[in-house]
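The structure appears below as structure tokens.
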Amino acid sequence: MAPPRDALSHDRVLQAALALADAHGLAALSMRRLGAELGVEAMSLYRHVSSKEALLDAMVDAIVCGWIDPSADAPKDWRERLGAIMHRAHAAMLARPWSVELITVRPRVGDGRLRYAETVTTALLDAGFSPQLAHHGLHIVDGTIMGFTAQQARRPTAVALGDRVQSLYEGSLVDEYPGISRTIREHHDHDEEYALMVDLVIDGLARLRDGEPPRRTGLGADYALAIS
């Protein structure tokens, strides 16, 4: 039996969409199938979400909002707070690999994304960062989360990477690629690697706040023009 009309709500539709994507992948999400999961006709959903595009944006917002901890137990130290956000975001997206690309490609910024950005920015401002450096810091934190997580979520096996990489693992290309051959057969803990990256980002931001200038490569805009 279908639920009564007033049993549906925006949040119930949203949670059902997240559960459907978790169970079957994002490609399985359609308004028709979502309606079937909720026991209603697809048209009934449009009373609570204006379109599938709006639903996808709401899913992104819900996921990103979950990266922050608004409770009284959230770390007060800015380093610990940023670290907690970065680790929570990384774990949340790896638990939902379908969410990585969705978050990357949806440009709309809703309240969830704004709360995440506000939390990171405020943590930096309260720690003595200038507005400009806090702005840079938000983008550095965000880029680290998304870049590393996307790479890890899509990391294929050595076989899928092709015969040449498989040969590297087997040790038959030592003369051609001595550096890679020296490291590739070691065990690499990707969670430990991410933790190191998080620490490096936070330590680097702290040094910038304290007035230690970065060592510049001398490239930047001139280099971008040269290769464009």
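Read the figures in this text as sums done on the coordinates, not as results from a lab. Note that the coordinates shown come from a computational prediction; the quantities given were computed from them, not determined experimentally. Glycine also receives a Cβ, built like all others from the backbone with ideal geometry; neighbour counts cover every protein chain displayed.
Estimated from the Cβ-Cβ distance and a Förster radius of 41 angstrom, the FRET efficiency linking His136 and Glu41 is about 0.25.
Taking Cα atoms only, the orientation of helix 111-126 departs from the longest principal axis of the chain by about 40 degrees. The mean sequence distance of close C-alpha pairs (under 8 Å, at least 6 residues apart), as a share of the length of the chain, puts its relative contact order at 16 percent. Averaging the Cα positions of each part gives two centres, and for the stretch 44-102 and the stretch 103-150 these lie 13 Å apart.
Viscosity 0.692 mPa s, temperature 37 °C: Stokes-Einstein D of the stretch 69-211 from its Kirkwood Cα radius, in µm² per second? In µm²/s, the coefficient rounds to 189. Have a look at Pro131, His188, Leu56 and report the one farthest towards the positive end of the charge dipole of the chain, computed about the Cα centre with Cβ charges (Lys/Arg +1, Asp/Glu -1). Towards the positive end, the residue furthest out is Leu56.
The C-alpha atoms of the chain define a longest principal axis, and helix 52-65 lies at about 60 degrees to it. Shown for Ser167, Ser30: other C-beta atoms within 10 Å of each C-beta, ranked fewest to most, produce the order Ser30, Ser167.
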